[in-house]
Amino acid sequence: MRVALSQAVLGRLPGMEVEGLLALGVNQAALPAAVLALPEPDVDLDALLQRWKALYRELPGDKKARCSLEYLVKSAQKDKLRRILPLVDLYNQASLQSLAPFGGEDIDKLGGELRLDLARGDESFLPLGKTEAEQPQPHEAAWLNGDGEVVCRCLNWLESDRFKLDETSRNVVFVSERPDAGFPSGAAGMDWLARELAPHAGSLVRFRLDAAHPAFAM
């Protein structure tokens, strides 16, 4: 499995960092239930979400795109967080704890690679819950698989139905983007997620990507 930042993305977002975790041989049936709550923040949440909105306005892509963290925070504030799947619930809680966006994909569906790149605009993308494929916009920052298919659009906005986690997922890659040092890091949340999964996984591997270390493979 290889996870990477492309040179094109680093050219556009030179301060990009990605915290990551490979969880192999996960026993989903044994996973603990996530708390699903927003801890008392130590940053100005409104200012943070506005910073994400500003970034999305600056980047090419669908102007309806929003950081996944925004959906989570607003749902938590309204006490409307819903449970999806133990693995998803856990990484959503990790996202809330670190105030950084998190995503998780089924490694066995990825074709050996997960790469953050600038889309050409002709790649295939099947939106979550949909039956008809579409394409990303040219030059938007998107996660792609080994075959060049879109796994998630606009950093962490819109997930593909093809690579989502489900009840059968046993091998998972989690990622959390930090566009630059002005955003919170997902490191603490990723460490927490690793501790939660440790008793229920065959092996765990933490990794971090940035301009100096743009790729991880195992």
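The values are calculated or read from the model by the stated rules, or taken from the named source; none is laboratory data. Since the model is a prediction, treat every value here as computed from it, not as a measurement. Note that each Cβ is placed from the backbone with ideal geometry, even for glycine, and that neighbours are counted across all protein chains shown.
Details
- Test for residue 25: is it surrounded by fewer than 18 Cβ atoms within 10 Å (Cβ to Cβ), at positive phi and either modelled with pLDDT under 95 or under 13 Å from the mean Cα position of the chain (by Cα) (or both): no
- Among (1) of a type outside the set (Lys, Arg); (2) under 28 Å from residue 53 (Cα atoms); (3) in contact (Cβ under 8 Å) with a residue 40 or more places away in the chain; (4) surrounded by 22 or more Cβ atoms within 10 Å (Cβ to Cβ), the one test that residue 110 misses: (2)
- Qualifying positions in the stretch 102-113 - out of contact with any strand residue (DSSP E or B) (no Cβ under 6 Å at 6 or more places or on another chain) and assigned to a loop (DSSP other than H, G, I, E, B): 112
- For the stretch 113-145, a tally of residues being within 30 Å of residue 188 (Cβ to Cβ), in contact (Cβ under 8 Å) with a residue 60 or more places away in the chain and more than 13 Å from the chain's Cα centre (by Cα) returns 4.
- Here 148, 189 are screened, and the one residue that is touching a Ser or Thr at 6+ places or on another chain (Cβ under 9 Å), farther than 25 Å from residue 60 by Cβ and surrounded by 13 or more Cβ atoms within 10 Å (Cβ to Cβ) is 189.
Conditions tested, residue by residue: (1) more than 27 Å from residue 33 (Cβ to Cβ); (2) of a type outside the set (A, V, I, L, M, F, W, C).
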| position | (1), (2) |
| --- | --- |
| 169 | no, yes |
| 177 | no, yes |
| 188 | no, no |
| 191 | no, yes |
| 209 | yes, no |
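- The listed residues are 195, 208, and the only one of them that is farther than 21 Å from residue 10 by Cα and either surrounded by fewer than 21 Cβ atoms within 10 Å (Cβ to Cβ) or among the hydroxyl-bearing types (Ser, Thr, Tyr) (or both) turns out to be 195.
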